[in-house]
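To keep things clear, I will list the structure first and then write my remarks on it.
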Amino acid sequence: MSASGPERHLVVFSLHGEHYALPVDAVREIVRYSPPTATSAASGLFQGMINLHGKALAIIDLSSRLGRRLEVSRATRIIVVEVRRGALGLIVDSVEGVWRVAREQIEPLPARVAADLGKEIAAVGEHLIMLIDPEKALGSALPRAPRRRRTAAPQSDNQIK
């Protein structure tokens, strides 16, 4: 997650009392929470789908990855995140806003820390903010497209006897 300049713009959100952030350029929009429709693939991280602007959007719950249960409140939001395989919605407790964080406030996580969400942390005031790498943490969360069955090529009329 590199960007040029003296500061980085991050969408900061909270989840179970902890602060996390995504690069602003990875966030398409933030919407009010809407319960996802369960699908046969819904379990754990993948919660189902919602209809957003006439298109199906996969919804994931990062709480399950953190060993917690999702708790929905009036402040709960869905952050629509762009990853290489498409877009997905990330359920969060609340969105704190877009913060400008100076590069000197961001440092690599210690090697001992299990970091399947990202590799950096920022110390901003009293807050420690885990910087999420969208591709690493969320890219594989999208359900795989079903494989298409191969069918025999249709025969032309002159081949049918």
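The values are calculated or read from the model by the stated rules, or taken from the named source; none is laboratory data. Note that the coordinates shown come from a computational prediction; the quantities given were computed from them, not determined experimentally. Here the Cβ positions follow ideal geometry from the backbone for every residue, glycine too, while neighbour counts run over all protein chains shown.
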Condition first: at positive phi and at pLDDT 95 or above. Now tell me which residues in the range 97-148 satisfy that. G97
For strands (runs of 3 or more DSSP E) lying entirely in the range 80-134, having 1 or more residues that are aliphatic (A, V, I, L, M) and more than 18 Å from G17 (Cα to Cα) picks out 86-92, 94-102, 106-108
Quick check on the range 30-76: of everything there that is in contact (Cβ under 8 Å) with a residue 60 or more places away in the chain and either among the aromatic types (F, W, Y) or assigned to a strand (DSSP E or B) (or both), which residue is nearest to V11 (Cα to Cα)? I30
Residue tally, condition more than 16 Å from R32 (Cβ to Cβ) and hydrophobic (A, V, I, L, M, F, W, C), over the range 57-80: 4
Which of the residues spanning the range 13-29 are over 11 Å from T76 (Cβ atoms), within 13 Å of the chain's Cα centre (by Cα) and either among the β-branched types (V, I, T) or assigned to a strand (DSSP E or B) (or both)? Y20, A21, L22, P23, V24, V27, R28, E29
Name the residues in the range 91-133 that are crowded, with 16+ Cβ neighbours inside 10 Å, among the aliphatic types (A, V, I, L, M) and either touching a helix residue (DSSP H, G or I) at 6+ places or on another chain (Cβ under 8 Å) or over 23 Å from S73 (Cα atoms) (or both), would you? I91, V92, V101, I106, A115, L117, I121, A122, V124, L131, I132
Verdict on D25 being closer than 24 Å to D116 by Cα, at pLDDT 90 or above and surrounded by fewer than 14 Cβ atoms within 10 Å (Cβ to Cβ): yes
In the range 37-75, residues that are crowded, with 18+ Cβ neighbours inside 10 Å and in contact with an Asp or Glu (Cβ under 9 Å, 6 or more places away or on another chain) total 3
Taking the range 76-90, which residues are surrounded by 16 or more Cβ atoms within 10 Å (Cβ to Cβ) and modelled with pLDDT under 90? V83, R85
